[in-house]
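Every number in this text was worked out from the coordinates using simple rules, so none of it is lab data. Because the structure is predicted, anything quoted here is derived from the model rather than measured. For neighbour counting, all protein chains shown are included, and Cβ atoms are generated from backbone atoms with ideal geometry for every residue, glycine included.
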Amino acid sequence: PTGTTIDAHGDLVLGGVRATELAARFGTPVDVLDEAQVRAACRAYRDALPGAEISYASKALLTRAVARWVTEEGCALDVCSAGEVAVAVRAGVPGERITLHGNAKTPDDLKAALRAGVGRIVIDSAGEIEQLAALVPGRQQVLIRVTPEVDAHTHTSITTGVADQKFGVLPSMLADVVRAVAARPNLALAGLHCHIGSQVRRPSDYETAARRMVALLAAVRDECGMTLGQLNLGGGQAVRYVTDDPEFDLAGYARRVTVAIAYECDRLRFPLPHLGIEPGRSIVARAGTTLYRVVSVKHGVRTFVAVDGGMSDNPRPALYGAPYTVRLVGRRSRTPDRRVAVVGRHCEAGDVLAGDVPLPGDVHPGDLLAVACTGAYHHSMASSYNLVGRPPLVAVGGGHANLLVRGETEDDLLARDVGA
Ligand code: LLP
């Protein structure tokens, strides 16, 4: 059994395992990940874009098991730090299947990536070319990240395609950067890259980016005499956190992007490049569910239902105003008949997991709440604020639960405090 269902006792069943059982065995809060859903998301991309390289953006969530699942499903892996390189290597991902990103790659990041023999490194600025070239032992394939000047209509903190933000090279400066890379005999320029943002809802924004990027490939050919064979359009495909969110049209996205590329290539007489994309959130978000235990219920201006986690395991509402769906699980109850604020345990008024959600009026301390769609940018962005240990991450599937990352203990929290 896979997927998420509610059984006759009001219990949530995740990958065939009851939420009450998961909470009893692993404690709360606990991040639960449905392996079959992660694998299915990878396959959906492979089916939608046959022939394209689907590179999972591991910043969304990376453990050795997740790296193994996605690569077994035919995806490559994107990383952005020495730490992510280390997990990928320990998971047995072949170096040539890994791409390194970053607007400020440190020498340690670069050395770790080169040691792992990564397939590609994405150059983000003119300044890093010399530093990279000095470290490359043999020959390294690289892409150049460009700012395509496309607004992806998402939260400003995760808008990365517009001119005034920190990532990539402006189109007006691209030819110079291309020449600087070409002047380094140990760097092999393979193509261009862009990433317009995250939680991007409109496939048409990708279409615009695809057209601009093909035009830039043609401009590089015309101005620098180089015909580059790879085009990577980054990730960012939106997921549905709440019922008001639209469903991202994956088939429509794939169609629009491939048609736009083919049309522009034909118009500019440019050979069809090999397409790559880098979805992160849309591979893992839906597979995740977080279980919390209610600690207190307070009736004030609003009803505050406080749980045993909060902004340390889910900083997204505080950072982006991100909305979530919450449901009471583990027992039969009234239908949700009251609007409440589900808040965390941290010492800030902004520690609100969901400010206005329907829950049954009989919610009480000890109850179990499930927050949906927590697979992306939760575990990977968790902190130990207030010295609350980070929760465990548990994989479910086929009726079994399997601990992937254990919860952070007091000993873990104390281990780095070495200044007696
Ligand atoms: N490629 C590059 C170069 C990226 O920077 C990112 C995400 C991705 C791909 C994957 O984007 P995705 O498909 O996951 O949207 N912490 C934020 C999201 C930050 C995204 C950072 N870069 C959040 O929780 O909404």
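The lysine pair tally for the chain, using Cα distances under 29 Å and a gap of 8 or more places or different chains, is 5. Computed extension length for S172-D266: 31.5 nm, one decimal, from 0.36 nm per residue of separation with the Cα-Cα distance subtracted.
Just the number: Rg to Rh for the chain, Cα atoms, Kirkwood Rh, two decimals. It would help to have the intermediate numbers written out before the result.
Details: Rg = 22.7 Å, Rh = 22.7 Å.
We get a ratio of 1.00 for the chain.
If you filter region 310-372 for trypsin sites (Lys or Arg not before Pro), then keep DSSP loop positions with at most 15 other Cβ within 10 Å, what is left?
Working: sites: R327, R331, R332, R334, R338, R339, R345; in loops: R331, R332, R334, R345.
Taking region 310-372 and a limit of 15 other Cβ atoms within 10 Å, the loop trypsin sites (Lys or Arg not before Pro) found are R331, R332, R334.
Note: relative contact order over region 36-284, using C-alpha pairs below 8 Å and six or more positions apart, is 20 percent.
For region 68-212, what is the Kirkwood estimate of the hydrodynamic radius, computed as the reciprocal of the mean inverse distance between distinct Cα atoms, to one decimal in Å? Each step should come with its number before you reach the end.
Details: mean 1/r = 0.0628 Å⁻¹.
One over the average 1/r among Cα pairs gives 15.9 Å for region 68-212.
Could you tell me what fraction of 2.2 N^0.38 Å the Cα radius of gyration of region 36-284 comes to, as a two-decimal ratio?
Ratio of Rg to 2.2 N^0.38 Å for region 36-284: 0.95.
Karplus-based coupling profile of region 353-365, in residue order and whole Hz: 7, 7, x, 7, 10, x, 9, x, x, 9, 5, 9, x, with θ = phi - 60° in 6.51 cos²θ - 1.76 cosθ + 1.60 and x standing for Gly or Pro. When DSSP beta bridges are restricted to pairs lying wholly in the chain, around 50% turn out antiparallel. Annotation: amide H-H contacts under 5 Å for E53 (H modelled 1.01 Å from N, sequence separation of 5 or more, or interchain): L275, G276, I277. For the chain, the relative contact order comes to 20 percent (Cα pairs under 8 Å, sequence separation of at least 6).
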